[in-house]
1. Report, for B:Leu46, each distance to the same residue's label point in the other copies, shortest first and in nm; define the point 7 Å along Cα→Cβ.
2. Shape verdict for segment A:105-189, please, from the Cα gyration tensor: rounded (a/c under 1.5), prolate (a/b greater than b/c) or oblate.
3. Normalising by the residue count of chain A, find the relative contact order in percent from Cα pairs under 8 Å and 6+ residues apart.
4. Using 0.36 nm times the number of residues separating A:Met1 and A:Asp26, minus their current alpha carbon distance, what extension gain do you get?
5. Taking each residue in A:115-127, count the Cβ atoms of any other chain within 10 Å of its Cβ, then average. What number comes out?
6. Taking B:Thr151 in one copy and the same position in all the others, each labelled 7 Å out along Cα→Cβ, what are the pairwise distances from the first, in nm, shortest first?
7. What Kirkwood radius, in Å to one decimal, follows from the Cα pairs of segment B:141-209?
8. Can you give me the Kirkwood hydrodynamic radius for segment B:2-136, using every pair of distinct Cα atoms, in Å to one decimal?
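The numbers here are math on the coordinates, done by the rules we state, and not lab data. Note that this is a predicted model, so its numbers are computed, not measured. When we count neighbours, we look across all protein chains shown, and the Cβ atoms used for this are built from the backbone with ideal geometry, even at glycine.
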Number of protein chains: 2
Amino acid sequence: MIRVVVVDDEHLVRAGLRLILEAAEDITVVGEAADGAGALEQTHRLRPDVVLLDVRMPGVDGLTVAPEVIAAGAKVIMLTTFDLDEYVHRALRAGAVGFLLKDTPPRELAAAVRTVAAGNAMLAPTVTRRMISSFAERGPARRDAARQRLTPLTPRELEIVREVARGLGNAEIARRLTMSEATVKAHVSRALAKLQAGNRVQLAILVHDADLL
Amino acid sequence: MIRVVVVDDEHLVRAGLRLILEAAEDITVVGEAADGAGALEQTHRLRPDVVLLDVRMPGVDGLTVAPEVIAAGAKVIMLTTFDLDEYVHRALRAGAVGFLLKDTPPRELAAAVRTVAAGNAMLAPTVTRRMISSFAERGPARRDAARQRLTPLTPRELEIVREVARGLGNAEIARRLTMSEATVKAHVSRALAKLQAGNRVQLAILVHDADLL
DNA sequence: GAAGACCCCTACCCGCCGTCCGGGCCGGAC
DNA sequence: GTCCGGCCCGGACGGCGGGTAGGGGTCTTC
C-alpha cells in the first residue's frame, strides 16, 4: 500500500485528490496539509512514501519546502495549474521526481504516484516535450564530439590539460602534480599540437565541452 | 481517429501491438513494417499520425530511419527492450518524441500514442528519471550564476571577453574589433579584476558556463 | 558650467606561456 | 641482446599575456 500526503491550500483540491487516489486499491491518503509548514510536519510524523505538493501556497510554498520534504525520506510530486519553465526548473533542481498539471486525468495521477513510489519519475507531457527539445539541442552531441577529439592525448597529457581547463597556471599545475614547470609546458605544448589548438584557452574549452572536471 | 503504423521485425510483436492499440476506440493501426525501409515506405504512402518504431531491426534500424520518418510528417515513438542511454540519446536527438520499453502496460501505450499525437512527449519512467538527474545537476543553475557574475562588465568588456572565450589571442581580437592590442589587454585586465579571475582561461570558463558565444 | 563618474582608448614593463631541443625509461619486434 | 617507438621529464630562448599609469570623450548632478 502506497502512503500519500496531499498538500494544497484549497481544501476543495485536497478533497478531489483524496477522492481520486483513494479510488485506487493500492494507494491510501494518510494526511493532508494546507501549506509548506504543515507539509513538513506531516511528512515527519506520518512518513509517507509520496507527497503531492502544490507549487503556490500562502506562507511557505511548495518549491521551498520540497528539499526538506525529500530529505525527510519522501518522494515529491509537484502539482501546479500553470507549467511555467521556472517552476519546473526549480522543482527538479530541488529534487522532485514528478511534475504534473492539475488537469491531469485521474488515471494518470494514480499511475504517477505508483511510478514515483517505484523509484522512477513522471512529468506532464508538455514538460517532457520541452525537456526533450532542450536536451536534443544542448545534448551530448557536442560532448561526444569533444571527447572524440581528446582521445589522441596520453593519460598524463589529459590529466594536465584538465588542470589547464580549471584555469590553473603552469606553476600551480607543476606543484600539484609534483613535477617541473618545464615539464608541464612540454605536455601542454604536445596537447596543443595534437589537438591543433593555438591557445590553452582552446584546450580549456574542449575539456569543458567534453564535460570533464 | 489517430492513425498509427507499427514497425518491428518480429511479427508476433507487431500483432501484439496491433491488438493493444486497436482495443482503443480512437486509435487505428493502418500499416505494419518489418524494417526501416518498410517503415519509410509505409509512412510516405499512408501518412500516419504516429509511427511506433523498434530500435533494433535487421537492415536499416529504427534509429537510422527515424529522422526521415519524422521529416515525412509523422511523430515517432521509439520502442525497445533495453533502455540503454545511448539509444535514448540518439533517439531524442533524431527527433523522436516518445521512448518506451516493450514492457509498457497496454493502457499506457495507448496513452502515449494519444499524448504524442497531441503534440506532446512521453518517455518511459526510468528514462525520465535519468533525464531529470542529468538536468538537475547540469541545469540552468550554473548558467544563471555565471550570467550573474558577468553583470559588472561593461558592454565593451563583455564583447572582448567573449572573444577571449573563443580562444582568440589579444592581437587577433584587436584586429577583429579594430583597436590597439594594448586596448584589448586593458579591457581584459579590467575584466579579470572585476570578476576576480587570475587567468583569461577562467574568463573563458565563465563565459562558457553562461552559454554565451 | 564645473565637477565627477563612467567608459573607451593608448603606451611601456615584467612575468608567464609556448616552442625547440634533448635525455631517461619502458614496452614490443626481430 | 639490440633496435625502435611512445611516453614522461627537463632547460633555455622569444613572444604573448597581464599590470600600471595616464589622456580624451560623454552623460549625469549640483
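1. Between copies, matching label points for B:Leu46 lie 4.8 nm apart.
2. Values: a/c = 4.50, a/b = 3.06, b/c = 1.47.
Note, shape of segment A:105-189 comes out prolate.
3. Details: 316 pairs, mean separation 29.5, N = 213.
Relative contact order of chain A: 14 percent.
4. Values: separation 25, 0.36 × 25 = 9.00 nm, distance 0.48 nm.
Full extension from A:Met1 to A:Asp26 adds 8.5 nm.
5. Across A:115-127, the average partner-chain Cβ count within 10 Å equals 5.
6. Copy-to-copy label distances at B:Thr151, shortest first: 4.4 nm.
7. Values: mean 1/r = 0.0843 Å⁻¹.
The Cα-based Kirkwood calculation yields 11.9 Å.
8. Values: mean 1/r = 0.0694 Å⁻¹.
For segment B:2-136, inverting the mean 1/r across all distinct Cα pairs yields 14.4 Å.
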